[in-house]
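Working notes for the structure below.
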Amino acid sequence: MESPHKPKHLSSTFFFLFIFISSNLVTLFISTSLFNPCALTTTRTDNNAITTMVEKKLFDEEITRNNDGGEGEQDLPDEFMTLTSPQKLPFGVNPNSKSDKIISPVGKPCTLFPNELKRFMSYTVNGSCPDDELLAQRLLLKGCEPLPRRRCRVAAPETYVEHHPFPECQWSTPSDSSIVWTAYTCKNYSCLINRRKNQKEFDDCKDCFDLQGREKNRWAETIGGGLDFSIDEVLGVKKQGTIKIGLDIGGGVATFAVRMRERNITIITTSMNLNGPFNNFIAARGVVPLYLSISQRLPFFDNTLDIVHSMHVLSNWIPTTMLHFLLFDIYRVLRPGGLFWLDHFFCIGEQYEEVYKPLIQSIGFNQIKWVTGRKLDRGPDLNEMYLSALLEKPLSHSW
Ligand SMILES: *[C@@H]1O[C@H](CO)[C@@H](O)[C@H](O)[C@H]1NC(C)=O
Ligand SMILES: *[C@@H]1O[C@H](CO)[C@@H](O)[C@H](O)[C@H]1NC(C)=O
Ligand SMILES: *[C@@H]1O[C@H](CO)[C@@H](O)[C@H](O)[C@H]1NC(C)=O
């Protein structure tokens, strides 16, 4: 067995990692501070301000390290070092990687948050993991993604109650006993279902758990024309049966995937667990949740997916540079002829003309539908607007 001891050269590795990180991290830091899909941030931070913010953060971390009396990896928890140290392959050089070692990946920024990382990686090996979903998600949203693996058993309900069988599961509420509720304000599903009525504060996807409410008719038909395309209208632009698999980015409780499943189309739904057990709920409905933030490279190979959909998530809260990378990533995973349904992208009127319209149109998609409309839920004075677009990756190679 490979020894988990820290190789000497790692201290310099971590030192470089630490120095090297600042340029790449700009967008991740911003995403952290703004991570709130529906909270509109209209202030456009200029690049200098961003850099200063990152430098300050790095500087603060540096001070913390020095005060702890440690340098480099000495601050990092042992279990983290064990995980991330290169491990020798038992059969020597692997012809595919051309290396005799393998290293477990973690998000590059993980080491920037030594205190949270220490808490996250402190547990008894082969024991129970701490019940720390909130800490884990915060770390991940700051850019420590993927999170480090742990060698412990994750918190689970004392007595797990299995889900309803298919197909009832698609439109029914699972048992409260299938969830560890620690991380959420609500402690049961009826609280989540009623929170639109009972709760004043904002929450992401506040009324989504109520499957008898607005969820019931989403994408079922073209409501009011304009911005709300229906699934059948969208599928109708391609030859019957050629849209088979796809991805919904930030898909709430995965009603899109459930609807698509009814049409024999397999959709994977990415979601965070922002004050609700979204991933468990999606899984309970019989479709696949993927716990992945919008910062990470999509875990699909080039030219593979038939459709990518995203509603309300891709919007002006995402730093423009990150959005640019993200749109190219969507272009990458779509197969030629694949569809990108950008559903209710929102921003301020001026931003649309100056930033987002040119940005989205520059990626190289064919435009099948392009509809804009005003967003009035927070009043007309804010001059907010929506864009719904149906875009297609060109069939023939043109770049
Ligand atoms: C690991 O934990 C399991 C379950 O508690 C226990 O049965 C087993 O003996 C432990 N193994 C070691 C090597 O401690
Ligand atoms: C659900 O939680 C709410 C408060 O969060 C509580 O008032 C209510 O009694 C709970 N309902 C059930 C069925 O446990
Ligand atoms: C889905 O597939 C099943 C089994 O192949 C078939 O019976 C059904 O008609 C299909 N449904 C649709 C909407 O295509």
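The values are calculated or read from the model by the stated rules, or taken from the named source; none is laboratory data. What you are looking at is a predicted structure, and each value in this text was computed from that prediction instead of being measured. When we count neighbours, we look across all protein chains shown, and the Cβ atoms used for this are built from the backbone with ideal geometry, even at glycine.
The sole residue among S293, S310 that is in a strand (DSSP E or B) and in contact (Cβ under 8 Å) with a residue 24 or more places away in the chain is S310. A count restricted to the range 332-368 and to residues that are hydroxyl-bearing (S, T, Y) and surrounded by 14 or more Cβ atoms within 10 Å (Cβ to Cβ) stands at 2. Within the range 148-163, is there a residue that is within 16 Å of ligand 3 (Cβ to nearest atom), closer than 30 Å to E262 by Cβ and surrounded by 14 or more Cβ atoms within 10 Å (Cβ to Cβ)? No, the range 148-163 contains no residue that is within 16 Å of ligand 3 (Cβ to nearest atom), closer than 30 Å to E262 by Cβ and surrounded by 14 or more Cβ atoms within 10 Å (Cβ to Cβ). Take G276 and tell me if it is over 23 Å from I363 (Cα atoms), modelled with pLDDT of 95 or more, buried (at least 22 other Cβ atoms within 10 Å of the Cβ) and touching a helix residue (DSSP H, G or I) at 6+ places or on another chain (Cβ under 7 Å). Answer is yes for this residue. In this structure, F256 does not qualify as modelled with pLDDT of 95 or more and either among the hydroxyl-bearing types (S, T, Y) or within 15 Å of ligand 2 (Cβ to nearest atom) (or both).
Restricting the first member to the range 263-289 and to residues that are under 12 Å from F209 (Cα atoms) and not assigned by TED's automatic domain parsing to the domain that holds S310, and the second to residues that are within 16 Å of ligand 3 (Cβ to nearest atom) and outside any strand (DSSP E or B), the beta-carbon pairs closer than 7 Å and six or more apart or on different chains are R285/Q170; R285/V258.
Residues in the range 359-389 that are touching a strand residue (DSSP E or B) at 6+ places or on another chain (Cβ under 6 Å) and under 21 Å from T321 (Cβ atoms): F365, L387, A389.
Got at least one residue in the range 228-235 being among the β-branched types (V, I, T), modelled with pLDDT of 95 or more and more than 16 Å from ligand 1 (Cβ to nearest atom)? Looking through the range 228-235, at least one residue is among the β-branched types (V, I, T), modelled with pLDDT of 95 or more and more than 16 Å from ligand 1 (Cβ to nearest atom).
Once the range 238-273 is narrowed to residues that are aliphatic (A, V, I, L, M) and assigned to a helix (DSSP H, G or I), the residue that is surrounded by the fewest Cβ atoms within 10 Å (Cβ to Cβ) is V258. Out of the range 115-151, which residues are touching an Asp or Glu at 6+ places or on another chain (Cβ under 9 Å) and in a loop (DSSP other than H, G, I, E, B)? M121, S122, Y123, V125, K142, C144, P148, R150, R151, listed by residue number.
For every residue, the table says whether it meets (1) touching a residue at least 24 places away in the same chain (Cβ under 8 Å); (2) within 16 Å of ligand 1 (Cβ to nearest atom); (3) assigned by TED's automatic domain parsing to the domain that holds L76.
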position	(1), (2), (3)
K101	no, no, yes
S104	yes, no, yes
K108	yes, no, yes
M121	yes, no, yes
V125	yes, yes, yes
R149	yes, no, no
Y160	no, no, no
H164	yes, no, no
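Taking the criterion of being touching a residue at least 24 places away in the same chain (Cβ under 8 Å) and part of a helix (DSSP H, G or I), the residues of the range 177-197 that qualify are S178, L192.
Please work out which one of (1) outside any helix (DSSP H, G or I); (2) surrounded by 19 or more Cβ atoms within 10 Å (Cβ to Cβ); (3) without any contact (Cβ under 8 Å) to a residue 60 or more places away in the chain is the condition K200 fails and give its number. Tallying (1) outside any helix (DSSP H, G or I); (2) surrounded by 19 or more Cβ atoms within 10 Å (Cβ to Cβ); (3) without any contact (Cβ under 8 Å) to a residue 60 or more places away in the chain, K200 fails exactly one: (2).
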